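Working notes, structure below.
The values are calculated or read from the model by the stated rules, or taken from the named source; none is laboratory data. Quick caveat: nothing in here was measured; it's all calculated off a predicted structure. Cβ sites come from the backbone with ideal geometry, for glycine too, and all protein chains shown count toward neighbours. Heavy atoms of the whole protein, side chains included, go into the accessibility calculation; ligands, DNA and RNA do not. Shrake-Rupley method; radii C 1.70, N 1.55, O 1.52, S 1.80 Å.
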Amino acid sequence: MRLLNLKPDRTWSIALAALPFAALLAAYMMGSAMRLAENPNDKLLPSLTAMGEAVKHYALEPDPRSGLYLMWNDTLSSMSLLLTALAISTFIALVFGILIGLLPIMGATFGPVVGVASMVPPLALLPILFIIMGLGDAAKIALIVIGTALKLIRDVALRVEDLPREQLIKAQTLGASTWQIGLRVVLPQMLPRLIDSVRLELGPAWLFLIAAEAIASDSGLGYRIFLVRRYLAMDVIIPYVIWITLLAFLMDLALRLLQRKAFPWFAGARAA
Amino acid sequence: MTAIVFDNVWKEYGDHVVLERIDLTIAPRSFVALVGPSGCGKTTFLRMLLGEEKPTRGKILVGGNPLKTEPDADRGVVFQRYSVFPHLTVLANVMIGREFERACLLGKLFGEARRAAEAEARHLLEAVGLKGHEDKYPASLSGGMQQRLALAQAINRKPRILLLDEPFGALDPGIRADIHVLIRRIWNENSLTIVMVTHDLSEAFRLGTRVIAFERPRNRPEELERYGATLGEVSAKAIVAASGASITQDFDVWPRKVAEPLPSADTQLDLKLASANGAKPPG
Ligand SMILES: Nc1ncnc2c1ncn2[C@@H]1O[C@H](COP(=O)(O)OP(=O)(O)OP(=O)(O)O)[C@@H](O)[C@H]1O
Ligand SMILES: [Mg+2]
C-alpha cells in the first residue's frame, strides 16, 4: 500500500499525536536530570517538582505582599485585555470589511488606506501609543486592535469580494436593497469566515499583548515572565509559557467549536 | 405586456467585440432558447438583459421603456451554479424574496407575516417537488434539487421575465426530463417570458417557442489560413477580435407551442402550482 493511503484509525491517531509531546517531555526531563546531577543549583532546566512548587506558590497561595493569587490575577488581567481588544477588532473588521468589500465606493476610498496602514509594524507604534494614551490598559488594547483589526478588515473585504457574483445578482433580482443584501446575504456568510480569520490572528494578538505588558504593566502573564526573568526563575517562566500556550489553544478550540455549532451550513458550503 | 426589444445592440470589452448588430423583438409570453458555441456571448446577452452589463451601443427596451440599469425583481434569474444562498435552509431560500419585499429594514419577517410567507413558500416547494427537504441546507441537496430550489426562489417574486443561463447543464438526462416538465408548467401558469441559454439543441427545441442561434462570422485565423488569405496572422486576429457574434439563425419552433392563457392575471402562483400538483386551492 502506498504511504499516502495509509490512514491511522482513531486510537492510532491519538497515540501518534501524543508521541511528540511525550518525546519533548522525556527529552526535557533527561536534560534537566543531567544538568541537576552536575549542579543541584542549576537554574536553566528546573526539575518538574521545582516547577510544581513554583506553580503551587503562584497559583494556590496568596502573595504575602499583595494578598493576591498571582497567577490567577495575571491571567484575569491578560485575558480581559486580550478579549476586549479582540472583540473590538472583530467588530471593526466586520463593519469595515463588509463596507469595503461590498461597496465599490467604499473600496475605492478606504481600500488603499487600509492596505498601506496594515503594513505599519504595530510594535513600532507602541511608543507612540504609550505617549498618547499613557501606560495604562487603553494603550495595550489599542496596540492589539491596531495590530489585528487592519488585517482582519482586509481579510473580510477579500472574502466578501470572493462571494460568487451570482449571489449578489440573484439577491437583486429578488428585490433586495444594498442594506438588505449586506444584512441577509453578506453578513451571515462572513461570520463563520471571520472566525477563521480571528483564529489566525490569535497568535499576533498574544504577541502584542505580551510585548506591551513586558514594557509597561504591574500585572499580566507577560509582565510576570519578564519580571522573574531578572532572577532567572525558569521554574516560573516555563509553567507560565505552557499556561499561555494552553490558553491560546483553548481559545482556538472554542472558536472552532463555535463555528461548527453556530454555522452548521458552513462545512458543506465550504466543501462545495 | 412586456415585449423585449433589442435595437442594434453591440457589446464590446475594450477592443474585443463580443456581440454586434443584435436586432431582436421578443414577444411577451414567448420561451426563447438561445444556442451558440461556447464563448459567443450568450451569457453576455443575458447579463445585458439583467441590467448587470450595459450595451456599448444600441438600446434595450422592455415594454417600450429603456431597460433598468440594475437587476430588479421584474427579472428573475437562475444560473448554472451559485443561484441559491448556501447559508439559508431550503425554506428560507424561497422565503427570502418575500422578506426582501415586505421587510425593508431587517429583511426578516416575524409573526403573522412570517407565517404567511412560510406557508406560501411551502406550497411552492411542494409544487417543485422539494417537499420534505424544507430544513436542509443547499449543500446537502443534489444538483437537480438545487436547480428546482433556484426556480422556486426565482418565481416566488413573480418576475415578468425569467432568465435561465444553462440551468440544467450539469444534470443527468433523467432529472433533466423531470425538470423540463416543471419549467413548462411554470411557463404555462405564470405570466412569464422566458429566455434560456442552453447547449442542448434538443432541449432548445423541446422547450422553446423560438430558437435563436448566435455565432461569430467565419473568419477565424485558421480558416483564413486554410483559404490562403494573404492576411498576416496579426491582422487576421485583429479581424476576429473586431467582429463579434450576431444572430445567425432565428426561427419559431413547430409545432407551435402557446402558453396556456391565464385564468386571471392576479391568481396566486403558488395556489395554481399546488393545484397542478393535486392539492385543492382553497375557495
Ligand atoms: N467582463 C468581461 N471582460 C472581458 N471580456 C469578457 C467579459 N465577460 C465576457 N467576456 C468575453 O466575452 C465573450 C463571451 O463570453 P460569454 O460568457 O458571454 O460566452 P458564452 O456564450 O456564455 O459562453 P459559454 O457557452 O461558454 O457559457 C468571451 O470571449 C469572454 O472572454
Ligand atoms: Mg455562458
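Summary table below
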| item | result |
| --- | --- |
| Karplus-derived 3J(HN,Hα), 6.51/-1.76/1.60, for each residue of the range B:166-182, Hz, glycine and proline x | 6, x, 10, x, 9, 9, 7, x, x, 5, 4, 4, 4, 6, 4, 4, 4 |
| Translational D in µm²/s for the range A:152-209 (Stokes-Einstein at 20 °C, 1.002 mPa s, Kirkwood Rh from C-alpha pairs) | 169 |
| Chain lengthening between A:L207 and A:L4 when straightened (0.36 nm per residue, less Cα-Cα) | 69.5 nm |
| Global geometry of chain A, whether rounded, prolate or oblate, following the gyration tensor of its Cα atoms and the 1.5 cut on a/c | oblate |
| Amide H contacts under 5 Å for B:R29, placed H, 5+ residues apart | B:T193 |
| Rg over Rh [alpha-carbon atoms, Kirkwood Rh] for the range A:29-89 | 1.20 |
| 5 angstrom amide H check on B:V18, placed H, neighbours 5+ away | B:K11, B:E12, B:Y13 |
| Using θ = phi - 60° and Karplus 6.51 cos²θ - 1.76 cosθ + 1.60, couplings along the range A:182-198 (whole Hz; Gly, Pro as x) | x, 6, 9, 9, 7, 3, x, 7, 7, 4, x, 5, 5, 4, 4, 5, 5 |
| Taking the C-alpha atoms of the range A:155-272, convex hull volume expressed per residue in Å³ | 133 |
| Around A:A59: net Lys/Arg minus Asp/Glu count, Cβ-Cβ under 14 Å | -3 |
| Estimated FRET transfer efficiency (A:A18, B:A170; beta-carbon r; R0 41 Å; 0.05) | 0.35 |
| Accessible area that becomes buried as B packs against A, both chains, 1.4 Å probe, Å², nearest 100 | 2500 |
| Cross-link reach list, lysines versus A:K151, counting only Cα pairs under 20 Å and skipping chain neighbours closer than eight places | A:K140 |
| Among A:A27, A:P40, A:P8 - extreme Cα towards positive end, dipole of the range A:1-48, charges at beta-carbon | A:P8 |
| Most to least accessible of A:W206, A:W72, B:W10 (protein chains only, probe 1.4 Å) | A:W72, B:W10, A:W206 |
| Size of electric dipole in chain A: Cβ of Lys, Arg +1 and of Asp, Glu -1, about Cα centre, debye, nearest 20 | 820 |
| Length released on extending from B:K68 to B:H180, taking residue separation times 0.36 nm less the Cα-Cα span | 37.3 nm |
| The range A:26-92 versus the range B:117-156: alpha-carbon centroid distance in Å | 56 |
| Per-selection metrics, the range B:86-220 (Cα): Rg and Dmax in Å | 16.8, 63 |
| B:D135 versus B:H199: modelled label distance in nm, points set 7 Å from Cα along the beta carbon direction | 3.9 |
| For residues of B:149-161, the mean tally of beta carbons on other chains within 10 Å | 1 |
| Computed E for B:D15/A:R260 - FRET, C-beta separation, R0 60 angstrom, nearest 0.05 | 0.75 |
| Projected area, mean over directions - the protein assembly as shown, Cα convex hull, nm² | 39.6 |
| Low-density loop positions, trypsin sites (Lys or Arg not before Pro), the range B:131-216 - DSSP coil, at most 15 other Cβ in 10 Å | B:K131 |
| In degrees, nearest ten, helix A:234-262 long axis to first principal axis of chain A (Cα) | 30 |
| All lysines inside 20 Å of B:K68 as judged from Cα atoms, apart from same-chain residues fewer than 8 positions distant | A:K170, B:K11, B:K42, B:K54, B:K59, B:K158 |
